[in-house]
Amino acid sequence: MKIPFIDLKTQFRQVENRVRKKIDQILEHGQFILGPEVTELEEKLAEFCQVKHAITCSSGTDGLLMSLMALDVGPGDMVFTTPFTFIATAEVIALLGATPVFVDVDPQTYNLDPARLKNLLAELAKGQTAALPAPIAEQVQAGVIRPKGIISVDLFGLPAKYDALQDIAQEYGLFLIEDGAQSFGAVYQGKKACSLAQLGCTSFFPAKPLGCYGDGGAVFTDDDALAAELLSIRVHGKGRHKYDNRRIGLNGRLDTLQAAILLAKLDIFPREVEMRSKVAQRYLQGLKAAAPGIVLPEVPEGRTSVWAQFSIQVPDRLALQGALRRAGIPTAIYYELPLHLQQAFAHLGYDPGSMPVSEQIAQRIVSLPMHPYLEEKVQDRIIKEVCSACR
Ligand SMILES: *Cc1c(COP(=O)(O)O)cnc(C)c1O
């Protein structure tokens, strides 16, 4: 039997009746766009995250884009973010004509390192640009661009260090957006992921901890004015109605059918979060035997991870992947090439070596099968294979 990397089929069996019933209801009522299921989902998501507003949207990427649009981000704005993330995080910054500025990550959590960000901002405040690549430094020196905000990412399901990030945002007058595409369901100091910044965004891409059967996303905020702006942006910048357009917006809506699927999955989600945690704890326990040949993920005090990925670092990734492949065990790499070295961002002028922590992690990281329905005996096989390959 083939071991799946993420087992959506077994999950479907848990929600099948509810999903089919809800889809049937929608086929009958016919409100395919912004139907009652969308409103119901938004209420439940807001309650889950303990925030005032949850605004669903067409994808995690569009959630980030809409958030930046609501904050009026555009040419002249520098937005600080991590290079060790999915392209969408920084893509949306560039898409609006703003400048992504990368800050290397913390070697333990793989999340944006607040100390490095603080240093960079302190230098910029003194007019120093030595830490920036030439094309960005020149624009700073010319006064063409200036710091505007931060997008932090909760990588692999672990929230970033929000107390420190909030302090920095406050001190320098920057906005803070939480890219919680991987962390929906995680907790930071008693608060839910996606509620940890001015705006929190998540993704319902099928492979995320809470996924639908297509593309989807949501933005979370306690700020009434930002929520109103997001609702307008989501429907072509609508004013009083769709044909009264007060600003430039998008078609950024979540389909009613996807909302219905998410409603069915949200019912079992808290249990799935516990099951994910149990799987992760068994990995951590079982893989200790492979130390010091591998680096295991760490969850700092006061946080929980929702384990979107279970990622380890090994010195010889190719060998491990080969051994696991021969044993029928799939692996994945998030991410092979940090964003500052992607061709899409070549114009920013970052050189290899400029983000050493991210670059080293990118060479060693590998993710193991991870989902709530991973059976113990299958997991034991994976653990055994990893241990023997790394010894
Ligand atoms: C998946 C992901 C996104 C984008 O979400 P989509 O729904 O695929 O658009 C953004 N940021 C991070 C960190 C992600 O993992």
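The values are calculated or read from the model by the stated rules, or taken from the named source; none is laboratory data. In this text, all values refer to a predicted model and were calculated from it rather than measured experimentally. Cβ coordinates were reconstructed from backbone atoms using ideal geometry, including for glycine residues, and neighbour counts include every protein chain displayed. Note: areas computed on protein heavy atoms with side chains; ligands, DNA, RNA excluded. Shrake-Rupley method; radii C 1.70, N 1.55, O 1.52, S 1.80 Å.
Which residues, counting only those in region 24-72, are of a type in the set (A, V, I, L, M) and within 16 Å of the ligand (Cβ to nearest atom)? Result: L41, L45, A54, I55, L64, L65, M66, L68, M69. Being touching a residue at least 40 places away in the same chain (Cβ under 8 Å) and surrounded by 15 or more Cβ atoms within 10 Å (Cβ to Cβ): is that true of L45 here? Against the criterion (touching a residue at least 40 places away in the same chain (Cβ under 8 Å) and surrounded by 15 or more Cβ atoms within 10 Å (Cβ to Cβ)), L45 qualifies. Evaluated against (1) away from the ligand (no atom under 16 Å from the Cβ); (2) surrounded by 24 or more Cβ atoms within 10 Å (Cβ to Cβ), A164 falls short on exactly one condition, (2). Does region 133-152 contain at least one residue that is outside any helix (DSSP H, G or I), within 19 Å of P352 (Cα to Cα) and more than 16 Å from the ligand (Cβ to nearest atom)? Checked region 133-152: at least one residue is outside any helix (DSSP H, G or I), within 19 Å of P352 (Cα to Cα) and more than 16 Å from the ligand (Cβ to nearest atom).
Could you check region 212-257 and list, in sequence order, the residues that are open to solvent by 50 Å² or more (accessible area, probe 1.4 Å), away from the ligand (no atom under 15 Å from the Cβ) and part of a strand (DSSP E or B)? Within region 212-257, K238, N245 qualify. Looking at A260, A308, just one residue is surrounded by 21 or more Cβ atoms within 10 Å (Cβ to Cβ) and within 16 Å of the ligand (Cβ to nearest atom), and that residue is A308. Counting residues in region 280-299 that are closer than 19 Å to F5 by Cβ, more than 16 Å from the ligand (Cβ to nearest atom), part of a strand (DSSP E or B) and more than 17 Å from the chain's Cα centre (by Cα) gives zero. In region 187-211, of all residues being more than 16 Å from the ligand (Cβ to nearest atom) and in a loop (DSSP other than H, G, I, E, B), the one that is nearest to V299 (Cα to Cα) corresponds to Q189. Kindly evaluate P83 against the criterion of being of a type outside the set (G, A, S), in contact with a His (Cβ under 9 Å, 6 or more places away or on another chain) and within 16 Å of the ligand (Cβ to nearest atom). It is true that P83 is of a type outside the set (G, A, S), in contact with a His (Cβ under 9 Å, 6 or more places away or on another chain) and within 16 Å of the ligand (Cβ to nearest atom).
The rows are residues; the columns are (1) open to solvent by 10 Å² or more (accessible area, probe 1.4 Å); (2) at pLDDT 95 or above; (3) over 21 Å from S183 (Cβ atoms); (4) among the hydrophobic types (A, V, I, L, M, F, W, C).
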| site | (1), (2), (3), (4) |
| --- | --- |
| T61 | yes, yes, no, no |
| L64 | no, yes, no, yes |
| L68 | no, yes, no, yes |
| A88 | no, yes, no, yes |
| V92 | no, yes, no, yes |
| L96 | yes, yes, yes, yes |
| T109 | yes, yes, no, no |
| A125 | yes, yes, yes, yes |
